[in-house]
Amino acid sequence: MPVQPEVLWAWMELHDSVSLYAAEKKIRHAAGLKRWRLQRWPRLPPGLQHSPLDERRLHRAAWGGCLEEVKVLLKLPVPVDCQDPRGWTALHHAAFNGHLPVVKLLLQGGTEINRRDFFNCTPLHRACWNGHTQTAEHLLQVGASHEVRTCSGQTPLHLAAANGHLGTVQALLRFRAQADSRDVHKWTPLHWAVFNGWGDMVELLLGAGVAVDGDEGRDMSPVQLAVLAGNETGVKLLLHYGADANARSQDGRTALHICAASGNKKILQRLLTGGATVTAVDGDLAAPLHLAAGAGSRAVVHLLILSGAGLDAQDRLQMTPLHYSALRGNTEAAKLLLHYGATVDTVERLGRTPLHLASERGHCEMLRLLMEGGADPSLLTHWQETASDIASEHKQHNALQVICQYKRSKQDSGQRPSTRQSIAD
């Protein structure tokens, strides 16, 4: 079933508005939309008259591939390079829909092949975005540039790779399009293919010599992006081609950090098999186990612990993974940490134990778990506050009640809580 033009327009406008680069946006707003249109709209020679309706008819005919109607309108004459409110010429319309006969006619009529629309896209960009390989090849043969960039720095190759158009990418590469060019986000076509889950495209680009890793410490590597997108096949493929499982982004995080926070056990296993270091720390000295303890699943936390992650490792704020789980209320992670021997009363730089953090956030189940695991509710922070004081200060009345009930129960029994029970079950 063919997609209605209105639907395609809505999708294209969404894509263009999201990808609009801030600098271009600033310039456009400064100049004003009306002034932009006046500057880029072709001037009519004196004596030639036609109506705006004729221009719309030309664009609509080019969109629909109506060759004879386009011929009639050009003889009227309607300027071949007239632009619609989006900056599209008839060639943009015809190229986007792959109407090669109309494209050839418009080129014979003298249309500018590299005319840019409102978002700096040429007809070649539009043809590649929609995967019309024959149209893209013809445009390249008659002089279309594959180096022109959109407002967000994307070449036609970026758009073709992002949308999974293998034939179009192959055509661009035959015309020596730069396979590892970067957009304003420092993403190559490989990044886009990985992010959108196009396995065949990833193989094609890697075979064309695209670097499998990004610039260390400057941007997110393709394997990190594959983890972020939850693309297990992409992770497997990139590691097979030699991607560095320990590549770091600007914040010092590796793919294992990203995976630990997302909770994908299968991808985590692939990274560990591919050589990922479980004790690697980011710019804040947080290890993957810290992130997993805060937001990850039980399975991921368990796998990291069994792989040798440090139970009492401290980040820049001297917080352990148990602090992270207490802060976020991740009781499943806390159960595992305590079961495998994490220290329950380790203090961070302000003297707060995990129990203090749980009381501040009002995580009642976490409070019970920590106290049953041996946490001392009488310990003081550097500000001389107990867990009860913090709960009262932050108006966590339920948490305060849990602590008081626990204290009374221990006073009544005349016992201190056991150091650690079997709580991982």
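Laboratory data are not the source of any read-out in this text; all were calculated from the coordinates shown. These figures come from a predicted structure and were not determined experimentally. As a convention, Cβ positions derive from the backbone with ideal geometry for all residues, glycine included, and neighbour counts pool all protein chains shown.
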* **Separation of the Asn196 and Lys265 label points, Cα + 7 Å toward Cβ, nm** => 3.3 nm
* Each label point is 7 Å from the Cα along the Cα-to-Cβ direction; what then is the distance between the points at Gln318 and Tyr340, in nm? -> 2.5 nm
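How much net charge surrounds Gly263 when only the other residues with a Cβ under 14 Å from the Cβ of Gly263 are counted, with Lys and Arg +1 and Asp and Glu -1? List each step's numbers first, then the result.
On the way: positive: Lys265, Lys266, Arg298, Arg328; negative: Glu232, Glu332.
Residues near Gly263 contribute +2 overall.
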* **Inter-centroid distance (Cα atoms) of segment 233-272 relative to segment 99-114, Å** => 46 Å
* To do: Considering the options Met220, Ala171, Leu268, tell which one lies farthest towards the positive end of the dipole of segment 159-277, charges being +1 on Lys and Arg and -1 on Asp and Glu at the Cβ, about the Cα centre.
  => Leu268
* **Peptides ranked, highest mean first, by Cβ atoms within 10 Å: ranges 263-271, 340-348** => 263-271, 340-348
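If Lys and Arg each add +1 and Asp and Glu each add -1, what is the summed charge of the other residues whose beta carbon sits under 15 Å from the beta carbon of Leu166?
Working: positive: Arg174; negative: Glu137, Asp200, Glu203.
Residues near Leu166 contribute -2 overall.
Explain nothing, just the number: relative contact order of segment 147-259, from Cα pairs under 8 Å at least 6 residues apart, as a whole percent. Provide the component values of the computation, followed by the final result.
Working: 172 pairs, mean separation 23.1, N = 113.
Result for segment 147-259 is 20 percent.
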* Provide the packing ranking of 316-327, 75-86, 168-179, i.e. peptides ordered by the mean count of other C-beta atoms within 10 Å per residue, highest first. => 316-327, 168-179, 75-86
* Asked: What's the extension gain from Ser145 to Asp180 if we count 0.36 nm per residue and subtract their Cα-Cα distance?
  -> 11.0 nm
